[in-house]
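Data block below; observations after.
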Amino acid sequence: MAFEGLAERLQQTIKKMTGKGKVSEQDVKEMTREVRLALLEADVNFKVVKDLIKRIKERAIGQDVMESLTPGQQVIKVVKEELTALMGGEQSKIAVSERPPTVIMMVGLQGAGKTTTTGKLANLLRKKHNRKPLLVAADVYRPAAINQLETIGKQLDLPVFSLGTEANPIDIANQAIKKAKDEHLDYVIIDTAGRLHVDEHLMDELQQIKQNVDPDEVFLVVDSMTGQDAVNVAESFDQQLNISGVVLTKLDGDTRGGAALSIKAVTNKPIKFAGMGEKLDELEAFHPERMASRILGMGDVLSLIEKAQDNVDQKKAQELEEKMRSASFTFDDFLEQMDQVKNMGPLEDLIGMIPGANKMKGLKNAQFDEKQLVHVEAIIQSMTKKEREDPSLMNASRKKRIAKGSGRSVSEVNRLLKQFEEMKKMMKQMTNMQKGKKGKKGKGFNFPFM
Amino acid sequence: MSFFKKLKEKFSGSEEKHEVSDKYKSGLTKTRDTFSSKINNLVARYRKVDEDFFEDLEEILIQADVGVTTVMDLIDELKMEVKRQNMKDTEKVKDVISEKLVEIYAGDDDLTKANLRLKENDLSVFLFVGVNGVGKTTSIGKLAHQLTEQGKKVVLVAGDTFRAGAIEQLEVWGERVGVEVIKHRAGSDPAAVIYDGVQAAKSRHADVLLCDTAGRLQNKVNLMNELSKVKRVIEREIPGAPHEVLLVLDATTGQNALSQAKTFSEATDVTGIVLTKLDGTAKGGIVLAIRKELNIPVKFVGLGEKVTDLEMFDAHAFVYGLFADMIEPDKG
């Protein structure tokens, strides 16, 4: 399964042409070929790739790349710039109607995640913008779709409007808006039934709803795993409904998400939000630059840094660095650091964001079971304060006691102790290296168990 | 006889087959009436089998989500074949293309038609797995309907205890089809529900037990472990079960489907694929790559919203659908 990132692909191409002082036009062609394959493998639509490659080639053959000493990096830079430019700036704003309620219509194919996104969006509006949204169950076709929205409404403690499955979606929408006006709710989010973009009858129904409620936003909800067909879907929904924005769902999966690029290219409508998990607060603003990196398989360094900044207490980080330098790092520090990393979200997500992590043999399919972290925690917590500060105290009877206290085996305790010692050694080496390079690496942020 | 003539004959053979092929055709493309004229068109467009011809072919197959690697391999093989046989006529090449595509799919075991592992006079257990929103519950409803029509006693078990409304959704299907649904409360342990489902199916002497599970993205290790546990519970209760583990795949999915097939297989030994939503413009070409790389066959295709719109997979019909677009003259 060819799933390596563009950087690696280009490196291989460049290896073939080492020894040459300058990059020829032919070499650039070779490189753009690799770019093309990488984009296609990331599910960017064929035609979109074609246009992109044309532009990239022009820029690359122009002096940008050929004069450079690091052609591979230059190509990546050009590609990334083009992708980011194509995806546009960040736009996570939601319209506000002058005469409330503001009406938002959610549309899309079956199974894209409209109902869940409806809930998430309502939650976001309330939490971040202090709004009072009304959820409207207008999916009268799929069994239990109304029930699903009602459950979500209950979870969020938000009102849900429904008229059962016998009612006409247009009536449901109209009555919901009336209710919102009467009760001074300022947002109405209409969850419509999933439908195929080629289903004339159902697309017609959407147009009618749109004409009736005159929405301020029409959001197309698209599964980020969508393949080449994303252009057809986005194009038809946009042509028939003139969508105002896109929500990309299931981005917490491991798809490259080239569909994002395709959709933006054919509709030129902003991608506003990204669904990042099954929980109702996991809807984030869409970041074009990060998406560009992801499509190219270059890891999402920015997100990682941001997550780290959000969750790591700077002062503590400095203390930690000091401790590492003096090698007085204890099990207590270890626990603390583990907590901070855990606050950043699932470990596997973090690893996915490290560039090259999916290339590293051990990490590629690493099974990061959060349970193991819990075990480690249990073992450390079963140590006495003295033991945590000075692991050299450890003897057979102490280990036995710790194993018993944590419900783990002695061999697991041993393994942890050994890992801890190795880690300390490594830290010392790393900090020594950093001293040499003088702060090039920034503040000491390290993952002890990676 | 040319491949297309064979196909045509195959589909006009019997009434039943005719109906099936119609569904494929209306499901997959809208080109039925002009099929032959379009072949002619392509032939007219390409007098010669040259680089342009192959480039166009490559483009069309990639647009059907067949995947770059598979397409490249196929094109290479074709080029060799063309050279070897010294073919110049595009019509002949097209035959070779479709034969090759079917060959990729059918493999050595010549599996052009799907078959189900249904036990005679004994309980068969089918486990449905897949990522979120692919249509697991709907496929179960449709299959329950079909099996009931065939006179089988079917029991459903609501193993998706996580997603809001999932249990109710399966219950509605149960009512529609008239079969019993075993369920627990939302949020309960899926393995426990499935266990109860197996016990209920046994005591009621059911023929088939269809197990629904919650959708999950394949990179969530804990959720995949949970799924393995569900499978182990079934294995422990009935030796040889589950008889089918069906990965439900959305035809609109791109290259990620390969990763889905791989990871779900690791967790649950997938035995077949249900390819849903083939009634849109998506082609689901990725199943070729999945078959080639992981040797997992497609067993069913979902061709529409109606309860009857679930068909046993037929490789010839599928390739025909992939291909119909290739001859649309305005493509490329």
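Points to keep in mind about this one:
- Assigned charges on the beta-carbon of Lys, Arg, Asp, Glu; region B:222-269 dipole about Cα centre (debye): 120
- To the nearest 10, the accessible area of residue A:43 is 10 Å² with a 1.4 Å probe.
- Couplings for region B:49-55, taken from phi via the Karplus curve 6.51 cos²θ - 1.76 cosθ + 1.60 with θ = phi - 60°, read 8, 10, 4, 4, 4, 5, 4 Hz in order; Gly and Pro are left as x.
- Prolate/oblate/rounded call for region A:117-208, Cα gyration tensor, a/c under 1.5 rounded: prolate
- An oblate overall shape is assigned to region B:124-213, the ratio a/c of its alpha-carbon gyration tensor axes (a ≥ b ≥ c) being 1.5 or greater and a/b not exceeding b/c.
- For the segment A:253-259, counting C-beta atoms of other chains within 10 Å of every residue's C-beta and taking the mean gives 6.
- For region B:143-155, backbone phi angles converted through the Karplus equation (6.51, -1.76, 1.60; θ = phi - 60°) give residue-by-residue couplings of 5, 4, 4, 4, 5, 5, 4, 7, x, 8, 8, 10, 10 Hz, Gly and Pro being listed as x.
- The relative contact order of region A:35-149, computed from alpha carbon pairs under 8 Å that lie at least 6 residues apart in sequence, is 12 percent.
- Estimated inter-spin distance, residue B:306 and residue B:79, nm [label 7 Å along Cα→Cβ]: 4.6
- Per-residue 3J(HN,Hα) values for region A:128-142, derived from phi via the Karplus relation 6.51 cos²θ - 1.76 cosθ + 1.60 with θ = phi - 60°, read 8, 10, 6, 9, 10, x, 10, 8, 10, 8, 9, 8, 9, 9, 5 Hz in sequence order (x marks Gly and Pro).
- Exercise: per-residue mean of other protein chain Cβ atoms within 10 Å, B:214-224: 5
- Only one residue of B:208, B:243, B:267 has its Cα farthest out toward the positive end of the dipole of region B:191-268, where Lys and Arg carry +1 and Asp and Glu -1 on Cβ, and that residue is B:267.
- Per-residue mean of foreign Cβ neighbours for A:225-238 is 6 (Cβ atoms of other chains, 10 Å radius).
- Distant-in-sequence amide H partners of residue A:134 (H built 1.01 Å from N, under 5 Å): A:187, A:188, A:189
- Close amide-amide hydrogen proximity is noted between residue A:105 and A:190, A:217, A:218, A:219, each under 5 Å apart and 5 or more residues distant or on a separate chain (H modeled in the peptide plane; Pro and chain starts excluded).
- The listed peptides A:99-105, A:205-211, A:113-119, ordered by packing as a protection proxy, come out as A:113-119, A:99-105, A:205-211 (highest mean of other Cβ atoms within 10 Å first).
- Shape of region A:214-293, Cα gyration tensor, a/c cut at 1.5: oblate
- Ranked packing of A:371-381, A:168-178, most packed first, by mean Cβ within 10 Å: A:168-178, A:371-381
- Taking amide H as placed 1.01 Å from N in the peptide plane, residue A:228 has its amide H under 5 Å from the amide H of B:65, each at least 5 places away in sequence or on another chain.
The values are calculated or read from the model by the stated rules, or taken from the named source; none is laboratory data. These figures come from a predicted structure and were not determined experimentally. We place every Cβ from the backbone using ideal geometry, glycine too, and count neighbours over all the protein chains shown. With ligands, DNA and RNA removed, areas are computed over all heavy atoms of the protein, side chains included. Shrake-Rupley method; radii C 1.70, N 1.55, O 1.52, S 1.80 Å.
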